[in-house]
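Bear in mind these aren't lab numbers, they're just calculated from the coordinates by the rules spelled out. Fair warning: this is a prediction, and the values are worked out from it, not measured in the lab. Virtual Cβ from ideal backbone geometry, glycine too; neighbours counted across all protein chains shown.
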Amino acid sequence: MKYKLKKNNFLSGTFIATIGIVLTKILGILYVIPFYQIVGPSGGALYGYAYTIYLFFISISSAGLPLAISKVTAEYQAQGYYNVKNRTFEIGKKISIILGIITFILLFLLAPVIARSTIGNLKGGNSISDVTFVIRVISTAILIIPLLSIFRGYFEGHRFMSPPSISQVLEQVVRVLIIIIGSFIFYKLCKFSLALSIGIALFGATIGGFFSYLYLFFTYKFNKSKFNRRVLNINEPIVSNKLIVKKIIIYAIPFIMIDLCRSLYNYVDMVSVVKGLVKYSSYSTKNAEEVYSILSTWCSKFNMILLSVSSGIVVSLIPNLSNYFIKKDKKNINIKINQAISIILFLLVPMSMGISFLSKSIWNLFYGYSKYGPNILGIYIFSGLFMALFTVSVSIINTLKDYKVLFISLFSGLLFKCIFNIKFLTSFSSLGFPAYYGSICATILGLFITFLICIIVLFKKYKINFEATLKSFIDILCGSMIMIFVLYLISFLIPFYSSSRLLNILIILFYSVVGFIIYTLYSIVSKSYRNIFQSDSKNILNLLKKIKK
């Protein structure tokens with residue numbers, strides 16, 4: 001169990017955190033193939049109801065804690081306040097336990113109310129009692145996840161990025177095994193009800209969180225001296241527990257609001273899409289629930305790959321940006337902000353366009369034939385791109401402690417989603433487009449509004465020069481469009497879809513490799529890669545060697 005800890009700089013920390021999160025999300029994508037075959041669209045909708053509201057409540061109990069602890073730890077570490085830093089960790093653990101218990105009780109008791117508000121009087125789909133049961137099962141995870149998040153934040157605040165990444169992968173592996181094995185045994189072999197089988201699958205979040213916590217706990221225990229190593233020898237000021245709690249709360253609330261806002265986008269869909277499709281677009285309850293399950297469960301798994309990139313960047317960016325902010329190093333603040341946004345654009349623009357282009361073959365590979373799936377995936381994947389930009393931009397504003405702008409930007413985007421979700425749904429339907437396109441577009445535009453407000457404020461108030469990012473974006477967009485154009489021409493010779501899953505694997509691999517080569521060559525010619533990462537290939541190889549060590 002002994003693990004040799006090593007600090008990571010911004011780029012290596014970004015790579016490590018991103019790799020860990022990407023691996024986690026890949027596992028999250030792969031498990032849906034057998035899971036979909038086991039539980040089908042109705043099971044996916046039931047799973048989506050519970051998991052959406054779980055994410056909403058976990059946002060309240062712990063979403064802001066890991067980044068807040070990371071931020072506070074990084075600040076005290078930079079100032080040499082080592083005793084205060086350790087007390088922050090202990091206080092953070094107590095806060096997480098209290099919040100976890102309170103939130104668990106609330107979700108458990110409110111489950112019937114939430115189920116009624118979600119299903120209403122609709123017939124022909126999942127029942128209120130089924131939704132209530134699965135919500136109560138997933139609520140048990142809230143007892144362990146907040147404490148787990150404190151440990152992750154403490155590691156990240158010291159720039160020890162590997163253990164939190166490993167813990168995420170471990171959590172996901174355990175969770176996925178329980179989802180697949182549990183649902184198969186209970187639903188297919190033992191013929192238990194769909195609700196009970198989904199409940200077993202959801203309980204995997206609790207077990208996965210527990211094993212992940214044990215890993216971090218013992219890693220911390222065996223490397224305690226690394227956390228207490230002093231770099232500066234100064235006389236620490238007296239800092240009361242009350243002041244520490246206040247600082248954690250002040251830092252955590254904005255992070256909680258960020259994650260809560262992201263969850264509310266999904267919650268708005270949860271309470272409006274099924275009802276809206278049935279009422280305004282003549283969908284049956286069964287078909288409407290199938291569309292919602294695609295949005296909330298099956299399609300969202302692909303968006304997680306895109307979001308993992310932004311999550312990795314944010315995890316590494318926050319302690320580095322906090323450090324530069326404390327030292328008033330405006331030059332490095334400008335560099336890191338531009339680099340963070342540019343990396344997201346560089347990786348996710350071609351990735352989202354590629355997934356959209358191959359949406360039919362990708363959907364067939366993972367889930368088989370679907371009337372709605374490929375069309376939804378082709379558009380919905382772009383909400384992942386804008387969610388990534390949303391996440392990084394609001395995290396930057398939060399790190400700069402401009403809470404007024406943070407709340408205005410978050411509220412503006414979410415308000416747009418709330419007001420126009422049904423309006424867009426009905427408008428698209430009346431224009432002859434699939435009604436669910438309206439909900440997806442409302443999400444994309446809401447996220448873009450938040451991102452745009454943050455960028456304008458960073459440019460005008462903080463004098464962040466985005467000229468380099470804008471130039472990189474033009475190169476990235478051109479490279480991505482050239483990639484898609486070439487792939488489109490190739491599709492006249494080699495089809496980009498087959499009814500055979502085996503052939504779809506080969507098709508996806510072929511087009512992915514060709515697309516990667518085209519985009520990479522353009523990046524080399526345009527020098528966008530070098531401009532963004534500020535290093536040549538030799539430096540990247542050295543970086544990878546350091547990460548390996």
Classify the chain: rounded, prolate or oblate, from the alpha-carbon gyration tensor (a ≥ b ≥ c, eigenvalue square roots; a/c under 1.5 rounded; otherwise prolate if a/b is larger than b/c)? oblate
Taking 0.36 nm per residue of sequence separation and subtracting the Cα-Cα distance, how much length would be gained by fully extending the chain between Gln37 and Ile326, in nm to one decimal? 98.8 nm
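Quick one: length gained pulling Asn235 to Ser129 fully straight, 0.36 nm per residue minus the C-alpha distance? Kindly include the intermediate steps, with their values, before the conclusion.
On the way: separation 106, 0.36 × 106 = 38.16 nm, distance 5.97 nm.
Result: 32.2 nm gained on full extension.
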Taking the Cβ-Cβ separation of Phe217 and Ile105 as r and a Förster radius of 25 Å, what is the calculated FRET efficiency to the nearest 0.05? 0.55
Simple label model, 7 Å out from Cα along Cβ direction - Tyr369 to Ser512, nm: 2.6
C-alpha center-to-center spacing [region 147-200, region 379-425] in angstrom: 28
Membrane-span-like helices in the chain: DSSP H runs reaching 30 Å or more (Cα, own axis), mean Kyte hydropathy at least -1.0? 82-119, 162-183, 194-222, 241-280, 300-326, 330-357, 373-399, 403-430, 436-460, 467-490, 501-526
May I ask you to sort Val134, Val268 by Cβ crowding, counting other Cβ atoms within 10 Å and putting the fewest first? Val268, Val134
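About the Cα centre, and with charges only on the beta carbon of Lys, Arg (+1) and Asp, Glu (-1), how big is the dipole of the chain? Nearest 20 debye, please. Can you show the working numbers first?
Working: 54 positive and 15 negative charges, 359 e Å.
Around 1720 debye, computed over the chain.
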Placing +1 on the Cβ of each Lys and Arg and -1 on the Cβ of each Asp and Glu in the chain, which of Pro164, Tyr436, Ser59 has its Cα farthest towards the positive end of the resulting dipole? Pro164
Taking neighbour Cβ counts within 10 Å as the exposure measure, how do Leu487, Leu202 sort from fewest upward? Leu487, Leu202
Once the dipole of the chain is set up with Lys and Arg at +1 and Asp and Glu at -1 on Cβ about the Cα centre, which of Ile362, Ile69, Leu99 lies farthest towards its positive end? Ile69
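Treat the count of other C-beta atoms within 10 Å as a stand-in for reagent exposure and order Tyr488, Tyr51, Tyr81 from fewest to most. Spell out each step's value before the answer.
Working: Tyr488 11, Tyr51 23, Tyr81 18.
In order of increasing Cβ crowding within 10 Å: Tyr488, Tyr81, Tyr51.
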